[in-house]
Amino acid sequence: MPFNPNQPRGPDGKWIKKGSVFGAAVLATVVAAASGGDVVTSVGAGLDAATARSVSDADTANSKKAARNGDRAEAWRRLTVKEIRKEIKSNLRCAVQSFGQVQQFFLRHPCDKLDQLLFVVQDKNGNTIAGSVTWVRMPSTESATQLGRLEDTYGSGDVTPFATEILEAGGFRFTGKHYRSRLDGKLVVIAETDPIKGRPSDAFLKQVADVADVLPPP
């Protein structure tokens, strides 16, 4: 269930064109100055967002290679994070572990197997990220394709994580903003990430989801 983001508007009500984060920082400065706000603080906040970390494409590619081989430790190392919590559940019930149209689909087309991984990774700056990986094995490639198409449709429902309590993050819930999915024959893989603590960039959250999505099922 991917996120459907709202494009931001400027102070004049017009859509802000996609551009650099630094441009957004300049806009924030102008707005702050016009409203009598703290220009230095506004610029600092913008630059802080502009320098939010992500890793190189090469490191992401190497991380995904390790993940495909089932080496999570090396995959996370390549992303310069470490795994601090994880839990895996196997043979969950698809119709129970879902909602919305996705749940209705499972009632009509039961899955063969559902496994899930919940994990928490942290970088050296203390940014903490929760992740979920779901592996759904369907009876046929046709039903897997139908499920994948439904999962990729915003607002259609989702396969829900089994118990976010293990993340030790209070009332944490995944938002669907940083979502990846793939289809491998009869297997549908769904990965999501969201921040628990700190300010990891959207780009980095998506990189973590990209890597998690290629992990093999347990």
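The values are calculated or read from the model by the stated rules, or taken from the named source; none is laboratory data. This one's a predicted model, so the numbers in the text were calculated from it and none came from an experiment. Cβ sites come from the backbone with ideal geometry, for glycine too, and all protein chains shown count toward neighbours.
Of the residues in the range 123-147, how many are surrounded by fewer than 17 Cβ atoms within 10 Å (Cβ to Cβ) and in contact (Cβ under 8 Å) with a residue 60 or more places away in the chain? Counting residues in the range 123-147 that are surrounded by fewer than 17 Cβ atoms within 10 Å (Cβ to Cβ) and in contact (Cβ under 8 Å) with a residue 60 or more places away in the chain gives 2.
Looking across the range 148-162 at every residue that is assigned to a loop (DSSP other than H, G, I, E, B), touching a residue at least 60 places away in the same chain (Cβ under 8 Å) and closer than 21 Å to L118 by Cβ, the one that is farthest from the chain's Cα centre (by Cα) is identified as F162. I need every pair where a residue in the range 173-202 that is in contact (Cβ under 8 Å) with a residue 24 or more places away in the chain and among the hydrophobic types (A, V, I, L, M, F, W, C) has its Cβ under 8 Å from the Cβ of a residue that is surrounded by fewer than 17 Cβ atoms within 10 Å (Cβ to Cβ) and part of a loop (DSSP other than H, G, I, E, B), sequence separation at least 6 or different chains. Within 8 Å, the pairs are I196/F172.
Considering the conditions (1) in contact with a strand residue (DSSP E or B) (Cβ under 9 Å, 6 or more places away or on another chain); (2) modelled with pLDDT of 95 or more, E168 is excluded by exactly one of them, (2).
Of all residues in the range 70-114, those satisfying the criterion of being surrounded by 14 or more Cβ atoms within 10 Å (Cβ to Cβ), among the basic types (K, R) and either modelled with pLDDT of 95 or more or outside any strand (DSSP E or B) (or both) are R72, R77, R78, K113. Each residue in the range 185-215 was checked for being over 17 Å from E83 (Cα atoms) and outside any helix (DSSP H, G or I), and 8 of them qualify.
In this structure, does G131 turn out to be in a helix (DSSP H, G or I), under 21 Å from R68 (Cα atoms) and either out of contact with any Cys (no Cβ under 6 Å at 6 or more places or on another chain) or modelled with pLDDT of 95 or more (or both)?
Values: in a helix (DSSP H, G or I): no; under 21 Å from R68 (Cα atoms): yes; either out of contact with any Cys (no Cβ under 6 Å at 6 or more places or on another chain) or modelled with pLDDT of 95 or more (or both): yes.
Considered against the rule, which asks whether it is in a helix (DSSP H, G or I), under 21 Å from R68 (Cα atoms) and either out of contact with any Cys (no Cβ under 6 Å at 6 or more places or on another chain) or modelled with pLDDT of 95 or more (or both), G131 comes out as no.
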